[in-house]
């Protein structure tokens with residue numbers, strides 16, 4: 001009912017609406033309407049109330065409520081069911097358990113704050129409340145585990161595209177899935193999977209974005225979109241852009257394979273053509289990053305002229 005009431009206010013944002021008119025249109029009592037208004041105030045919505053005129057929505061909170069995102073989201077699969085939490089340990093943990101219990105593809109778990117946010121290589125992901133975007137998506141791609149790494153690269157492409165569209169700032173990808181602005185990290189992706197030998201049961205895409213996070217709350221070398229762009233990020237719009245881009249690229253990879261996503265990844269890469277050092281499997285590989293392979297691996301030309309493929313590990317851009 002709160003969602004229906006908000007929809008009426010948003011249709012006429014500059015107008016006062018009488019409680020009596022809204023109550024009649026929604027077939028509820030005046031007392032019930034007032035209780036819903038009070039509940040919305042607890043959610044952070046601010047209303048002007050003027051005798052003989054009614055109510056007007058003055059301000060909506062910068063919250064990732066499903067009833068704020070769902071009405072503006074244009075997808076068929078991803079985000080049709082959004083599960084909201086104020087504070088969680090990790091959205092990936094919740095999404096993984098939901099998927100294990102049979103949750104359908106496209107379910108999104110979003111939180112305003114994480115107390116145990118995780119990044120790649122067991123790193124901690126800083127998740128201050130209502131400053132960033134912390135969400136996880138359940139996918140059930142029809143592919144073998146061997147091909148699953150390309151899903152992470154697909155997510156990186158989608159994320160870079162969404163940031164460019166909604167924040168009007170140049171975002172690039174550092175292999176495999178870090179998003180950089182001005183050579184500083186603003187976002188990362190943690191992919192977790194449950195699979196048999198020949199098929200993927202489900203895959204969790206965990207995404208953390210430093211949207212409006214203050215530099216003091218971030219580790220060295222990281223930044224936020226707002227810090228680099230100089231503009232406050234409307235998180236609801238960024239989530240909308242991200243989920244729409246993810247669905248578009250997810251359906252593309254299911255239909256045409258990795259090739260078109262691979263081309264987009266190359267165009268957004270800040271890695272290719274650079275000298276890199278990859279730390280993986282207790283060894284280091286140093287050379288020039290020359291291409292992304294069809295399986296998502298990074299092709300590196302060594303100083304001796306030979307090539308090596310890096311499938312996983314920590315990558316540093318040297319120059």
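The values are calculated or read from the model by the stated rules, or taken from the named source; none is laboratory data. From a predicted model like this one, the values you see are computed outputs, not experimental measurements. Every residue, glycine among them, receives a Cβ derived from its backbone with ideal geometry; neighbour counts consider all protein chains shown.
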Determine whether residue 239 is at pLDDT below 95, under 26 Å from residue 68 (Cα atoms) and either in the same structural domain as residue 210 (by TED's automatic domain parsing) or within 18 Å of the chain's Cα centre (by Cα) (or both). no
All conditions in (1) in the same structural domain as residue 153 (by TED's automatic domain parsing); (2) assigned to a loop (DSSP other than H, G, I, E, B); (3) over 26 Å from residue 75 (Cα atoms) are true of residue 233 except (3)
Tell me yes or no: at least one residue of region 71-90 is touching a helix residue (DSSP H, G or I) at 6+ places or on another chain (Cβ under 9 Å), surrounded by fewer than 20 Cβ atoms within 10 Å (Cβ to Cβ), under 30 Å from residue 18 (Cβ atoms) and touching a residue at least 12 places away in the same chain (Cβ under 8 Å). yes
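Looking only at residues that are in a helix (DSSP H, G or I) and farther than 21 Å from residue 177 by Cβ in region 199-226, which one is farthest from the chain's Cα centre (by Cα)?
Step one: list which residues in region 199-226 are in a helix (DSSP H, G or I), which gives 215-217, 225-226.
If we keep only those that are farther than 21 Å from residue 177 by Cβ as well, we get 215-217, 226.
Values: 215: 20, 216: 22, 217: 19, 226: 16 Å.
For region 199-226, the residue satisfying everything is 216.
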Please verify whether region 176-186 includes one or more residues that are in contact with a helix residue (DSSP H, G or I) (Cβ under 6 Å, 6 or more places away or on another chain), within 20 Å of residue 116 (Cα to Cα) and assigned by TED's automatic domain parsing to the domain that holds residue 73. yes
